[in-house]
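First comes the structure, then the notes that go with it.
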Amino acid sequence: MTVEDVLRRDLTSVYRSRTGAAVAAITALSTVVIIGLIGIAPSSVVGLVGGLLIVGILLALVFLGDPKLIAITAVLFTGFAIGLVLVLSWPLLFQPLAFRPSMDTAVVGVGSLLSLTIPVVALLSSYATIIGERNSGSIRFLVGLPNSRSDAFVGKFISRSLVVVIPLVLGLLLAGIIVELTYQSGSFLSMLGLAAVSIPYALVFVGLGLTASTYGNSIYQVVAIVVAALATLRIGWTAIRFLLVWDTNPPHPEWFYWIASLNPFNAYITLTSQFTTTNAHHPLLGYPSDRIFVDGTVQIISNTETIAKTPAVAAVVLLGWMVITPLFGYFQFKKADLL
Amino acid sequence: MPAIEINDLTKRYGSVTAVEELSLSVERGEVFGFLGPNGAGKTTTINVMLDFTSPTSGGVRLFGEDVHENSVSVRQRSGLLLEGYGVYPRLSAREHVEHAIATKDAADDPDELLDRVALGDAADRRAGTFSKGMAQRLAIAMAIVGEPDLLVFDEPTTGLDPNGARLLRDIVRAQADRGATVFFSSHILSQVEAVADRIGILRSGRLETVGPIDELESELGGRTRLELQLEQVTDELLETIRALAGVSAVRTENNRIKIKCRDDAETKLRVLNTAAETSQLVDFATNDSQLDDVFSAVTEVSP
């Protein structure tokens, strides 16, 4: 079974490089660490300490090449951040449960953070997959040994997916335990749900990085493709949609919501919102809320009812992206003149 | 059924023709030397042969199987040492060989293979720290995993020191003795000469000549160089030598005369006697025809 051989070899290499440690550090930071910090401190302190923590870990990732050193530095900075939060919020720690952060804070906070960091770590783990081997020449072993092109591609895809999915699921499970124990109406199951929708979301970007890696002829081209794709999906998509309804007032036509719902970022946010208790409008959603607060009461300003906004559509969209994105790379890799 | 059959192979990259209408057949058990200067199309031919690159027209069959249709089974029977390969820097030498064994479902002992290429002591070192020569020996160990029926060595001597080069020759001979076919590409003739049964010379994507080594030497070579040192060189003497039967070229350099002539005792004696008659002859030397000369004769681009 050569998929397995490719997979095992690739995983070993990644975990001995800084990529594995970098992905694990960033993922831990955006799941269990942030949940822990919110759990013990008011949000302003978390923002301050979290910023310090991110700077520390980024410095470790940029300047340290050895995965062990990166891991040690990340752990040390996390310990430092937790200590700092404890010191800064000492008087608040003994407040009654009513002042605990709410479940919705956890879901919206972690969901929003992951909607940004998952693409980063998934692309980080996958963009060099093929082009890296072409540059170093080890692709001659990959395709010279009796691996079919499909086996090589699938093995690589599974390997890079595991690199992202394992720390992501572990981080969210630990976060779930903290949420269950210390958050207001905290639910372990909701965090589990968040993990379940985060997996296909991560695979979309592993697929995107892998596809870019097979199309580009140099590492620079691959990075350019990745950056262009991210910018188009995240910024360009929203810009075009808003330009289309520039001078019209709500209610917007149904197609406006359809354009929004086909975007993978939007699909992910829609799905994560399902695990909040209030089902409130998520600030990162790509279309405006139908409801606003006026003098403390909810007013419906637009009542465009469309299935485009439903989580079922979001699920189909996300799974669609997950399947289609790597397929482009797969067909390119199958027919390419690799050497 | 031959081990390698290349039929009318043409490969173009845009307007550049890398290989043009190449046809070649290599028998089983043969050690075939594939020679050519850099850029002649050797690596392109090998890339098509192993289905890394698709041909513009024509095709290759290994052991009767089309290399594109039966890509995996063809590579299962082959051991490769390819030009421009790179090791996995974070895997140890042993892990490399283990990976090749696992992928090929072979039963070799990784340590034994590493010992054969004199890397036993470095088995647990990460290959990223290896010198070019060590990496090359590691790749040789991976190539012979699973006793392949065909070995493809593309510029295998690159980076090898003399000991490494001898080791490579021994391995090629051992593999050939076992019955494997060896396809050995190089621009270094002495390496090929030492192991090959037959050679083909490629120039600008075309196969210029192919045949057993000794035949090529007598066909294109059979010439020798004589170098005479004299007290004084006269134009008269030069003219006399030039006129002798079997002499093809004469030129001077200070008091030396360099002569290209037929490689037989009669011709050489005639030249030497003519020089000796002038009582000016100080010394002489001969330089036998080598495969190098054949190579130069075939691949030199005429002005």
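The values are calculated or read from the model by the stated rules, or taken from the named source; none is laboratory data. As the structure is a prediction and not an experimental result, all values here were calculated from the model. Neighbour counts are summed over all protein chains in view; Cβ atoms, including those assigned to glycine, are modelled from backbone coordinates with ideal geometry. Surface areas here come from the heavy atoms of the whole protein model, side chains and all, with no ligands, DNA or RNA. Shrake-Rupley method; radii C 1.70, N 1.55, O 1.52, S 1.80 Å.
Restricting everything to alpha-carbon atoms, can you work out Rg to Rh for segment B:4-212 with a Kirkwood hydrodynamic radius? My calculation puts Rg/Rh at 0.96. Taking the C-alpha atoms only, the angle from helix A:103-126 to the longest principal axis of chain A is near 20 degrees.
Could you compute the FRET efficiency for B:Q280 and B:Y13, with r as their C-beta to C-beta distance and R0 at 60 Å, rounded to 0.05? E(calc), rounded to 0.05, equals 0.55.
The DSSP beta bridges internal to the protein assembly as shown are antiparallel in roughly 70% of cases. Amide H contacts of B:I199 (H built 1.01 Å from N, in plane; Pro and chain starts excluded): B:G33, B:G211, B:I213 sit under 5 Å, all sequence-distant by 5 or more or on other chains. Working value for the protein assembly as shown: equivalent-ellipsoid semi-axes of 70, 26, 22 Å, each the square root of 5 times a Cα gyration tensor eigenvalue, largest first. Under a 5 Å amide H cut-off, with hydrogens placed 1.01 Å from N, B:R206 pairs with B:E20 among residues at least 5 apart or on other chains. If R0 equals 30 Å, the separation of the Cβ atoms of A:A196 and A:S102 corresponds to a calculated FRET efficiency of about 0.90.
For the residues of B:80-93, the average number of beta carbons from a partner chain within 10 Å of their own beta carbon is 5. Both chains summed, the buried accessible area for B and A stands near 2500 Å², from protein heavy atoms and a 1.4 Å probe. The share of accessible area on chain A that comes from carbon and sulfur is 73 percent, using a 1.4 angstrom probe. Computed from label points 7 Å out along Cα-Cβ, the spacing between A:V55 and B:R90 is 2.9 nm. If R0 is 30 Å, the Cβ-Cβ spacing of A:Q184 and A:L285 corresponds to a FRET efficiency of close to 0.80. Name the shape class, rounded, prolate or oblate, that the alpha-carbon gyration tensor gives for segment B:128-197, where a ≥ b ≥ c are the square roots of its eigenvalues, rounded holds for a/c under 1.5, and otherwise prolate holds if a/b is larger than b/c and oblate otherwise. It is oblate, given that a/c is not under 1.5 and a/b is not larger than b/c.
Each residue, A:E305 and B:S190, gets one label point 7 Å from its Cα in the Cβ direction; the gap between the two is 8.9 nm. Within chain B, DSSP assigns beta bridges of which about 70% are antiparallel (rounded to the nearest 5). Rounded to whole numbers, the Karplus 3J(HN,Hα) couplings from phi for segment A:206-217 are 4, x, 5, x, 5, 5, 4, 5, 8, 7, x, 9 Hz, using 6.51 cos²θ - 1.76 cosθ + 1.60 with θ = phi - 60°, and x at Gly and Pro. Relative to the longest principal Cα axis of chain B, at what angle does helix B:93-104 sit, 0 to 90 degrees, rounded to 10? Roughly 70 degrees between the two axes. Entry for chain A at q = 0.07, 0.08, 0.15 Å⁻¹: log10 I(q)/I(0) = -0.33, -0.43, -1.28, Debye formula applied to identical alpha-carbon scatterers, no solvent contribution. Remark: spin-label model distance B:R242-B:R198 equals 4.3 nm, labels positioned 7 Å along the Cα→Cβ axis. Each residue of segment B:2-15 is assigned a 3J(HN,Hα), and the resulting list reads x, 6, 10, 10, 9, 10, 6, 6, 10, 9, 10, 10, x, 8 Hz, derived from the Karplus form 6.51 cos²θ - 1.76 cosθ + 1.60 (θ = phi - 60°), x at Gly and Pro.
Taking every residue in B:49-61 and counting other chain Cβ atoms within 10 Å of its Cβ, the average works out to 2. Which ³J(HN,Hα) values, rounded to whole Hz and listed in residue order, are derived for segment A:11-27 from phi using the Karplus coefficients 6.51, -1.76 and 1.60 in 6.51 cos²θ - 1.76 cosθ + 1.60 with θ = phi - 60°, glycine and proline given as x? Taking θ as phi minus 60°, the curve returns 4, 4, 4, 5, 6, 8, 9, 6, 4, x, 5, 5, 4, 4, 5, 5, 5 Hz for segment A:11-27.
Under 5 Å from the amide H of B:S185 lie the amide H atoms of B:F34, B:F153, B:D154, B:E155, each residue being 5 or more positions distant or on a separate chain, with H modelled from the backbone and absent for Pro and chain starts. Between the C-alpha center of segment A:168-235 and that of segment B:93-152 there is a gap of 38 Å.
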